[in-house]
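The values are calculated or read from the model by the stated rules, or taken from the named source; none is laboratory data. Computed from a predicted model, the values in this text were never measured in an experiment. Here the Cβ positions follow ideal geometry from the backbone for every residue, glycine too, while neighbour counts run over all protein chains shown. Surface accessibility is based on the protein's heavy atoms, side chains included, excluding ligands, DNA and RNA. Shrake-Rupley method; radii C 1.70, N 1.55, O 1.52, S 1.80 Å.
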Amino acid sequence: MNFIPFPLAGGRYEVGPAMRRFGQATIDYPAEQGHFRFDDHLAGTLAAKLQALRQAPGESHLKAVDADPAALHAALQECFRLLAAEHPAVAAVGEEGPTLHHLGLRLTGWSRLERVAEPWPALAPVAEEILARLHREKGLDLLGDLLGLSVQEDLALVRGPAEDDLLEWLHVCLPSNWAPAEKIGRSFADVHQPVVHSERLIISRRQIMRAMLQGGPFVRYVWGIHRDGALCHNPRIHQAPPWPAVATPAELARMAWLRVERQTTHGFPGLDRALFTIRYWVEPLTVTAQDPWRRERLATALAAMDEEELHYKGLTGAREGLVAWLQAPH
């Protein structure tokens with residue numbers, strides 16, 4: 001069975017950097033490479049991004065008020081080059097700009113959008129909407145939107161130096177219970193202040209930022225249990241229904257979805273900037289539980305969460321029933 005990634009081999013919930021270098025294996029994870037992943041969910045993910053952009057303009061694609069346009073433009077160009085290096089069948093970058101083979105689009109002179117081929121058949125419907133949207137844009141808006149609507153990952157660019165960092169640009173359409181508009185233009189410490197037990201993250205913020213800007217590339221995973229399978233959990237766009245006050249463990253399990261995020265960083269030291277990517281997977285908890293090993297570790301991790309962690313993850317009132325269901329014979 002094709003399960004989604006599962007960052008719970010240790011059977012615990014943890015808050016911390018947990019960053020691994022590309023190519024580095026651990027007892028829990030194999031070695032990994034690459035910031036961008038493409039699979040059969042590409043069309044659906046791009047459709048979900050477009051829906052978020054339609055529903056709430058100005059909530060998902062943002063740049064800081066004091067962004068440096070020239071440096072930001074250069075960083076976005078580097079992101080396209082990174083995509084082309086990893087996936088030459090998807091993208092190519094020449095002196096005049098990027099060509100996105102899967103969308104049939106080219107950006108000439110890094111500023112003029114044109115259709116150069118038919119999109120991949122599976123992407124035809126979303127490609128038409130992407131083209132129509134991009135034709136209304138120019139400059140950095142066009143460049144950033146084209147990048148964000150070419151990949152399954154959500155994207156962010158942070159600006160250094162490490163001692164005075166800034167979240168400079170976001171194309172984040174599918175966040176997990178946070179609003180990008182509340183984060184743009186803020187520092188690493190400010191962005192992570194609401195995270196439960198974030199003290200260790202904030203204390204290490206300068207080392208983390210220095211590693212993002214000058215080291216790596218790095219990869220990490222995070223996870224949560226959601227009340228529905230929507231990809232977009234921006235609270236300004238989508239409000240998941242609450243857990244019911246009264247429900248059997250089996251009823252709770254049928255409502256629950258495991259959500260996993262793969263996060264990577266890639267530094268552009270010459271620009272004093274770094275790319276941060278977020279890739280999402282969701283699957284019904286009833287699917288995850290078909291694997292006894294995963295079921296046992298997920299039950300252990302949920303059972304060990306304290307009240308602050310449960311509140312932060314939106315699981316207050318649901319944890320006991322979910323653990324009971326996971327631990328019951330299947």
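In summary, the lysines within cross-link reach of K49, defined as a Cα separation below 21 angstrom excluding same-chain residues under 8 places away, comprise K63, K138, K183.
Distant-in-sequence amide contacts of F268, defined by a placed amide H-H separation under 5 Å and a gap of 5 or more residues or a different chain, comprise R273, A274, L275. Multiplying the residue separation of V195 and Q33 by 0.36 nm and subtracting their alpha-carbon distance yields 55.6 nm.
Taking 8 Å as the Cα distance limit and 6 or more residues as the minimum spacing, I'd like the relative contact order of segment 90-218 as a percentage.
Relative contact order comes out at 13 percent.
For H135 and A25, FRET efficiency with R0 = 35 Å and r from the beta-carbon atoms, rounded to 0.05? Before the final figure, lay out the partial values.
Working: r = 45 Å, r/R0 = 1.29.
Efficiency at R0 = 35 Å is approximately 0.20.
Here the gap between E96 and D228, fully extended at 0.36 nm per residue and compared with their Cα-Cα distance, gives a gain of 43.2 nm.
Karplus-based coupling profile of segment 212-224, in residue order and whole Hz: 5, 6, 10, x, x, x, 10, 9, 8, 10, 9, 8, x, with θ = phi - 60° in 6.51 cos²θ - 1.76 cosθ + 1.60 and x standing for Gly or Pro. Heavy atoms of the protein chains alone define the surface here; on that basis the chain has 45 Å² accessible area per residue at 1.4 Å probe size. Compare P30, P125, P269 in a GNM of the chain, Cα atoms joined below 10 Å, and give the one with the largest fluctuation. Fluctuation is largest for P30.
Ignoring any ligand, DNA or RNA, what whole percent of the accessible area of the chain comes from carbon and sulfur when the probe is 1.4 angstrom? Present the calculation step by step, with values, prior to reporting the outcome.
Values: 7770 of 14750 Å².
Of all accessible area on the chain, carbon and sulfur atoms account for 53 percent.
Legend: calculated FRET efficiency, V116 to R254, from the Cβ-Cβ distance at R0 = 41 Å, rounded to 0.05, equals 0.30. Working from Cα pairs under 8 Å separated by at least six residues, relative contact order for segment 1-87 is 18 percent. Cβ-Cβ distance of Q55 and R81, R₀ of 35 Å, FRET efficiency by 1/(1 + (r/R0)^6): the value works out to about 0.65. Couplings 3J(HN,Hα) of segment 177-182, computed from phi: 6, 8, 9, x, 5, 8 Hz, in residue order, whole Hz [Karplus 6.51 cos²θ - 1.76 cosθ + 1.60, θ = phi - 60°; x for Gly and Pro].
Couplings for segment 51-57, taken from phi via the Karplus curve 6.51 cos²θ - 1.76 cosθ + 1.60 with θ = phi - 60°, read 4, 5, 5, 6, 5, 9, x Hz in order; Gly and Pro are left as x.
Between R210 and T316, residue separation times 0.36 nm minus the direct Cα-Cα distance comes to 34.6 nm.
When the square roots of the Cα gyration tensor eigenvalues are ordered a ≥ b ≥ c, the ratio a/c for segment 78-126 is 1.5 or more and a/b does not exceed b/c, which makes its shape oblate. Take every pair of alpha-carbon atoms less than 8 Å apart whose residues are at least six positions apart; their mean separation over the length of the chain yields a relative contact order of 22 percent.
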